[in-house]
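In what follows, a single structure is set out as structure tokens and then discussed.
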Amino acid sequence: MSAAPRPARLVVSLLAGPEEPRARALERLASLLGRVVFYSEPMPFTDSGYYTPEMGPGLTRRLAALESLRLPGELAAIKRQCAGIEAELAHEGRRRVNLDPGLLDRDSLVLATHKFAGHRMELEPGIYGEVTLYYQGGGYQALPWTYPDYSGEDMRDLLGFLRGRLLWQGKQEQARGEFL
């Protein structure tokens, strides 16, 4: 008999140049997925030029964490909602913000993507889940396929901070007899 899936913290990466479309995307995320409890400072996105042709230069990433915990089976639907927000905010067929949702738990960060790769599991047609980082030895560790901006120390430290908040929340809910 297996245990029920463990809920995890929903985090969403918001990649954009100008702040205005990112702010609008954050409002839409909150209206669809719940209250934002953490929003990082902008982090330079300099490890890849992949999005520059579509979104322009000077991109930065901000990470949002949402209050309500989510089950792993919800990740594909959340990715579809994020793609809908991207489309709403697009201008002349070009995205102005890229949203990458993931689930952070005490053991790993799993990101959802539309891009197939051999190490990714198809969650539903056209949406894949990837273990991007795993927690070991007191911190998040990168895997061979981890994007450079996620394998950097600043991002791993930030996710470690969010992990600590998640674990604290779990202890508070256990003390009140609630499920985590």
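Screening the candidates L75, L66, L32 for the property of being under 25 Å from G170 (Cβ atoms), out of contact with any helix residue (DSSP H, G or I) (no Cβ under 8 Å at 6 or more places or on another chain) and among the hydrophobic types (A, V, I, L, M, F, W, C) yields one hit, L75.
Within the range 51-69, residues that are within 15 Å of V36 (Cβ to Cβ) sit with their Cβ atoms under 7 Å from residues that are among the hydroxyl-bearing types (S, T, Y), at 6+ positions apart or across chains, in these pairs: R62/Y39; R62/S40; L63/S13; L63/S40; A64/Y39. Of all residues in the range 111-122, none satisfies being out of contact with any helix residue (DSSP H, G or I) (no Cβ under 8 Å at 6 or more places or on another chain), without any contact (Cβ under 8 Å) to a residue 12 or more places away in the chain and within 23 Å of P42 (Cα to Cα).
Being out of contact with any Cys (no Cβ under 6 Å at 6 or more places or on another chain) and touching a residue at least 40 places away in the same chain (Cβ under 8 Å) is true for just one of L26, L99, L104. Which residue is that?
Working: L26 fails: touching a residue at least 40 places away in the same chain (Cβ under 8 Å); L99 fails: out of contact with any Cys (no Cβ under 6 Å at 6 or more places or on another chain).
One residue alone meets the criteria, L104.
Just one residue in the set L158, L166, L162 is under 15 Å from the mean Cα position of the chain (by Cα), in a helix (DSSP H, G or I) and either at pLDDT below 95 or farther than 21 Å from V36 by Cβ (or both); that residue is L166. Taking every residue in the range 140-167 that is loosely packed, with under 15 Cβ neighbours inside 10 Å and pairing it with any residue that is part of a loop (DSSP other than H, G, I, E, B) and of a type in the set (K, R), at least 6 positions away or on another chain, the pairs with Cβ-Cβ distances below 8 Å are L167/R106. Tallying residues that are over 20 Å from L159 (Cα atoms), surrounded by 12 or more Cβ atoms within 10 Å (Cβ to Cβ) and at pLDDT 95 or above within the range 31-50 yields 1.
For the range 56-87, which positions are among the charged types (D, E, K, R), at pLDDT 95 or above, closer than 19 Å to P7 by Cβ and not in a helix (DSSP H, G or I)? Quick ask: steps written out before the conclusion?
Pass one, the range 56-87, residues among the charged types (D, E, K, R): 61-62, 67, 70, 74, 79-80, 86.
Now restrict to residues that are at pLDDT 95 or above: 61-62, 70, 74, 79-80, 86.
Remaining after also requiring closer than 19 Å to P7 by Cβ: 70, 74, 79.
The one that is among the charged types (D, E, K, R), at pLDDT 95 or above, closer than 19 Å to P7 by Cβ and not in a helix (DSSP H, G or I): R70.
The values are calculated or read from the model by the stated rules, or taken from the named source; none is laboratory data. For clarity, every value in this text was computed on a predicted model and none was experimentally measured. Cβ coordinates were reconstructed from backbone atoms using ideal geometry, including for glycine residues, and neighbour counts include every protein chain displayed.
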